[in-house]
Amino acid sequence: MKIDKETVRRVAALSRLSLADDELLAYSSQLATIIDYISKLNEIDTKDVPPTSHALSTLKNVYRKDLLKPSLKTEEALANAPSKDGDFFKVPQVVENK
């Protein structure tokens, strides 16, 4: 399949990308190669292959149980804090005022 520079230019415009002429030419060639490869995948007979929701259907979740465990006391947690305010870590403001 041929992807010309105008097609790449339209896709770039929709994506709000600004591309130089040499980039349009390079991407049109690369996109054509990708679409040709995908077209080859469409030639594979998959009528006897059951649909799957995941490539590795034998995988199982490996989540651990959420168990309550003892944690550090406040004094221990704040022992190496560069700055603290009472029982809290003091950090620089990262959210601006409205």
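Some observations on this one:
- Each peptide in 7-19, 72-84 was scored by the mean count of other Cβ atoms within 10 Å over its residues; highest first, the order is 7-19, 72-84.
- A simple rule links phi to the HN-Hα coupling: the Karplus curve 6.51 cos²θ - 1.76 cosθ + 1.60 with θ = phi - 60°, which for the range 48-57 gives 9, 9, x, x, 10, 9, 8, 5, 10, 5 Hz, with x for Gly and Pro.
- In the context of the full protein assembly, Val62 retains an accessible surface of approximately 130 Å², using a probe radius of 1.4 Å and ignoring ligands and nucleic acids.
- Long-range amide H partners of Ile3 with built H, under 5 Å: Ala32
- Summed side-chain charge close to Leu25 - residues other than Leu25 whose Cβ falls under 14 Å, Lys, Arg +1, Asp, Glu -1: -2
- Given (i) 44; (ii) 29; (iii) 68, the label whose value is percent of Cα pairs over 24 Å apart derived from this model: (iii)
- Rough spin-label spacing in nm, given labels placed 7 Å along Cα→Cβ, for Asn61 and Asn42: 3.7 nm
- The chain - percent relative contact order, Cα under 8 Å, separation 6 or more: 18 percent
- Element breakdown for the range 1-76 at a 1.4 angstrom probe: carbon and sulfur atoms account for 57% of the accessible area.
- Taken one residue at a time, the phi angles of the range 4-16 give Karplus couplings (6.51, -1.76, 1.60, θ = phi - 60°) of 8, 4, 5, 5, 5, 5, 5, 5, 5, 5, 5, 8, 6 Hz. Gly and Pro are set to x.
- Pairs of Lys residues in the chain are counted when their Cα atoms are under 21 angstrom apart and they lie 8 or more places apart or on different chains; the count is 4.
- Extension gain, Thr74 back to Ala32 (0.36 nm per residue minus Cα-Cα distance, nm): 9.1 nm
- Heavy atoms of Glu23 accessible to a 1.4 Å probe, total area in Å² rounded to 10: 70 Å²
- Each other residue within a Cβ distance under 14 Å of Pro92 adds +1 if Lys or Arg and -1 if Asp or Glu, for a net charge of 0.
- Å² per residue, accessible surface of the chain at 1.4 Å: 102 Å²
The values are calculated or read from the model by the stated rules, or taken from the named source; none is laboratory data. In this text, all values refer to a predicted model and were calculated from it rather than measured experimentally. Cβ coordinates were reconstructed from backbone atoms using ideal geometry, including for glycine residues, and neighbour counts include every protein chain displayed. All accessible areas refer to the heavy atoms of the entire protein, side chains included, with ligands and DNA or RNA removed. Shrake-Rupley method; radii C 1.70, N 1.55, O 1.52, S 1.80 Å.
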